[in-house]
Amino acid sequence: MSHKGSCHCGAVAYQAEFETSSLIECNCSICTTRGHLLVPVPAPKFQLLTDPTVLSGYSYGKKVITHYFCPTCGIGVYSSSGDPTRSIMLNARTLEQFWELSTHWERKTYNGKDRHPEFNPKHQNQ
Ligand SMILES: [Zn+2]
């Protein structure tokens, strides 16, 4: 199913194709601090509809994953390793129909804190 979404100000908009009935709530340091609810989307099924150079990225620790956000409104939109064979993690709260859809979705917790200790340290951006 195809979904559309955007950051708060609209400078970053996307289209994403995915089938899901669940939201992932991860307890690693970045997910905890920013409160995203995640949906995995196969990288080729995620398409930006706006200028990709608008995005800003944040990486920390081993810098394997970049967390992309809008520099105007500050909203995080998705995270990606840049590997086209892997899924990007979409901030489900940026979906146009977040409330309509998520009402019917199960919320699953993911123990990223222990399963990926590399995502855990805060303040290690150097
Ligand atoms: Zn924005």
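The values are calculated or read from the model by the stated rules, or taken from the named source; none is laboratory data. Note that this is a predicted model, so its numbers are computed, not measured. Using ideal geometry, Cβ is built from the backbone for each residue, glycine included, and neighbour counts are taken over all protein chains shown.
Can Val39 be described as closer than 24 Å to Phe119 by Cβ, more than 16 Å from the ligand (Cβ to nearest atom), among the β-branched types (Val, Ile, Thr) and surrounded by 15 or more Cβ atoms within 10 Å (Cβ to Cβ)? Here the answer is yes, as Val39 does meet what is asked. Cβ-Cβ distances below 6 Å connect the following pairs, each with a first residue in the range 1-29 that is in contact (Cβ under 8 Å) with a residue 12 or more places away in the chain and β-branched (Val, Ile, Thr), a second residue that is assigned to a strand (DSSP E or B) and away from the ligand (no atom under 16 Å from the Cβ), and a separation of six or more residues or different chains: Thr20/Val39; Ile24/Leu38; Ile24/Lys108; Ile24/Tyr110.
Selection of strands (runs of 3 or more DSSP E) fully inside the range 47-126 by the criterion of at least 1 residues being away from the ligand (no atom under 16 Å from the Cβ) and acidic (Asp, Glu) returns 106-110. When Pro52 is tested against (1) touching a residue at least 12 places away in the same chain (Cβ under 8 Å); (2) surrounded by fewer than 19 Cβ atoms within 10 Å (Cβ to Cβ), only condition (1) is not met. Of all residues in the range 1-33, those satisfying the criterion of being surrounded by fewer than 15 Cβ atoms within 10 Å (Cβ to Cβ) and within 16 Å of the ligand (Cβ to nearest atom) are Lys4, His8, Cys9, Gly10. Could you say whether any residue in the range 89-96 is surrounded by fewer than 17 Cβ atoms within 10 Å (Cβ to Cβ) and of a type outside the set (Asp, Glu)? So far as the range 89-96 goes, no, none of its residues is surrounded by fewer than 17 Cβ atoms within 10 Å (Cβ to Cβ) and of a type outside the set (Asp, Glu). Counting just the residues of the range 7-46 that are part of a strand (DSSP E or B) and charged (D, E, K, R), which one comes out farthest from Arg86 (Cα to Cα)? Among those that are part of a strand (DSSP E or B) and charged (D, E, K, R), it is Glu25.
For Phe119, the test of being among the aromatic types (Phe, Trp, Tyr) and under 20 Å from Cys7 (Cβ atoms) is failed. Of the residues making up the range 3-53, those that are modelled with pLDDT of 95 or more, closer than 19 Å to Leu101 by Cα and of a type in the set (Ser, Thr, Tyr) are Ser6, Tyr14.
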